[in-house]
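The values are calculated or read from the model by the stated rules, or taken from the named source; none is laboratory data. None of the values given here were measured: they were computed from a predicted structure. Neighbour counts are summed over all protein chains in view; Cβ atoms, including those assigned to glycine, are modelled from backbone coordinates with ideal geometry. SASA here: full protein model, heavy atoms, side chains in, ligands and nucleic acids out. Shrake-Rupley method; radii C 1.70, N 1.55, O 1.52, S 1.80 Å.
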Amino acid sequence: MARLVIVSNRVPIPKARGATAGGLAVALRDLLTPGTMWFGWSGRLSADPSLQPAIVEARGVTYATVDLTAEAHRGFYVGFANGALWPLLHFRLGLMHFRREDYEGYLAVNRAFATSLASVLQPDDTVWAHDYHLIPFARLLREQGFNGRLGFFLHVPFAPPSMLEAMPVARELVADLCAYDLVGFQTEEHARDFRDCAQRMLGAAVEGEWIRLNGRRLRVFADPIGIDAQSFAQEAERSAGDKLVQRVFGSLSGRALAIGVDRMDYSKGLPHRFEAFGRLLEKHPEHKRKIHFLQICPRSREEVDEYRKLRVELDRLAGRINGRHSDFDWTPLRYSTRTAPRATLAGLYRIGRIGVVTPLRDGMNLVAKEFVAAQSDEDPGVLVLSQFAGAAQELTEALIVNPFDPDAIADAMNMALIMPLSERKERHVALKEKVMRTTAEAYCRRFIDALEARPVARTAAVAAA
Ligand code: GDG
């Protein structure tokens, strides 16, 4: 059987120090069977990195990584990927800082990755690249002589042509994505936006899910990501009894817990959410002293200016809300920038009466699915979910809100607090059924099956191997 090679910006080598709380490692866990390779950046900066990847074997999986220079990392990761592409794809044109030299750096790192991977690739390998860091990767790997199957999945949203055109190299990016054999998006809306871009910017022909361009055909489809719902539900049930979770439970003294869990990122709508919680206490003073809001938001990408500014803003907002509403023995908003262990997180969701997931724009949002999976069937909490999270396409029984409207979020939180048990159960049964069905395993299987359905036309060896 052909080997699967996963490519992503960061490689989560087991037990690596400083592993981040990102969703990718969790989502792809099922693919990490013996024989698989995972290739990408080591997370290390060095002055003169070798293109020969460093190899670590763990449980039959090969982790192949390369270092980057500080300068390459700055242009590729801080500058172009997170300073230009991320804001663009999250509809934040005002935060998009495009610099041509960053784009050149982005291409250079993709080229270095392609050269490096080609040196360890076999001709019949199947390559699956992940996310906006690797848009030009397929074209550059093809230039190295690789003719095997190449798939790409975008974890974040895509933009319609009118928005994407603000990016000076939009055409190049769309053309580069067309060099893959299969391109997956979180929702049909994002897939359609991409097909529209290919049609409008490149004159590609679109037939259903297929794009025809320069004599090639590629498939562009929606493959919503999920979680390992069964094991997460078990983890939540187990962890609800953990010491730390019990300490939090005890500290509630019978009050309801509203919980939010997000990387500290401006796409997650945290200031609006804090504002909404303040509004809830103003508009519905009957909930005062009866609710605690816990926001867990591990710090993220602090090398990018906007993320540092967000932290300052959240500190200010949390101080204002607590200053205005707290009592000597009640602090309404608790907010922690520490990363919680996964088991603790699962237990905290389970004791949550409301899960507040209100990103301004999000590819999917796994927290919404985790919150649902963690609930008890007898006394389930209520999910308040942004209409602009990909998850809202599936989780329609949540209380769906416009995340730009703090009053609407406050009203939904009020509704969640007063919702009768029978309605909470009814919504939960429907949501849980979906989360249990659209798992990470189903997501991976759909993508790999679609990729392997593509015939390998040419069998030329990898030139650089
Ligand atoms: C991108 C897309 C898409 C968070 N804090 C802690 C912690 N987390 C975990 C959550 C969840 C994951 O991180 C975050 O996943 P999200 O989906 O919510 O968001 P992104 O990181 O922005 O992920 C997103 C995703 O890719 C997958 O395709 O859904 O739209 O933006 O699993 O639980 N985990 C632990 N401690 C924390 O403090 N252990």
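For this structure, a couple of remarks:
- Net length available on complete extension from S422 to V312 is 35.5 nm, with 0.36 nm assigned per residue and the Cα-Cα distance removed.
- Two-site label geometry, Q199 and S326: point separation in nm, points 7 Å out along Cα→Cβ: 5.5
- Separation in nanometres of the label points that stand 7 Å from Cα toward Cβ, at R255 and E172: 5.3
- About the centre of its Cα atoms, the chain shows a dipole size close to 620 debye [charges on the beta carbon of Lys, Arg (+1) and Asp, Glu (-1) only; nearest 20 debye].
- Built amide H within the under 5 Å cut-off of W128, gap 5+: V5, I6, V7, G151
- Remark on G145: its backbone amide H falls under 5 Å from those of A463, a criterion applied only to residues 5 or more positions apart or on other chains, H modelled at 1.01 Å from N.
- Here the average projected area of the convex hull drawn through the C-alpha atoms of the chain stands at 21.6 nm².
- For the range 337-355, the residues whose amide N sits under 16 Å from a probe point set 7 Å from the Cα of Q246 along the beta carbon direction are 344, 347-348, 351.
- Amide H contacts under 5 Å for V61: G35, restricted to partners 5 or more places along the chain or on a different chain, H placed in the peptide plane at 1.01 Å from N.
- Summing charges over neighbours of A373, with a neighbour being any other residue whose Cβ is under 12 Å away from its Cβ, gives -1 when K and R count +1 and D and E count -1.
- Within the chain, longest stretch clear of exposed trypsin sites (Lys or Arg not before Pro) (DSSP loop, no more than 10 other Cβ within 10 Å): 60-337
- Note on K290 and Q234: with the Förster distance fixed at 22 Å, the Cβ-Cβ geometry gives a FRET efficiency of about 0.10.
- J(HN,Hα) series, the range 387-392, from Karplus relation 6.51 cos²θ - 1.76 cosθ + 1.60, nearest Hz, glycine and proline x: 5, 9, 8, x, 4, 5
- For the range 351-376 versus the range 276-304, the spacing of their alpha-carbon centroids is 15 Å.
- For A58 and E189, the FRET efficiency from 1/(1 + (r/R0)^6), where r spans their Cβ atoms and R0 equals 30 Å, is about 0.20.
- Stretchable slack from R3 to V429, in nm (0.36 nm times residue separation minus alpha-carbon distance): 149.5 nm
- Model label zone, M163; criterion: amide N under 13 Å from point 7 Å along Cα-to-beta-carbon; scope the range 356-371: 360-364
- Beta bridges per DSSP with both ends in the range 229-438, % antiparallel, nearest 5: 5
- Carbon and sulfur %, accessible surface of the range 229-438 computed with the full protein complex present, 1.4 Å: 51
- Here r is the Cβ-Cβ distance between L93 and W210 and R0 is 30 Å; the resulting FRET efficiency, rounded to 0.05, is 0.50.
- Virtual spin-label span in nm between A47 and D30, 7 Å along Cα→Cβ: 4.7
- The antiparallel fraction among DSSP beta bridges confined to the chain stands at about 20%.
- Lys pairs under 22 Å by Cα in the range 229-438, provided they are eight or more residues apart or on distinct chains: 7
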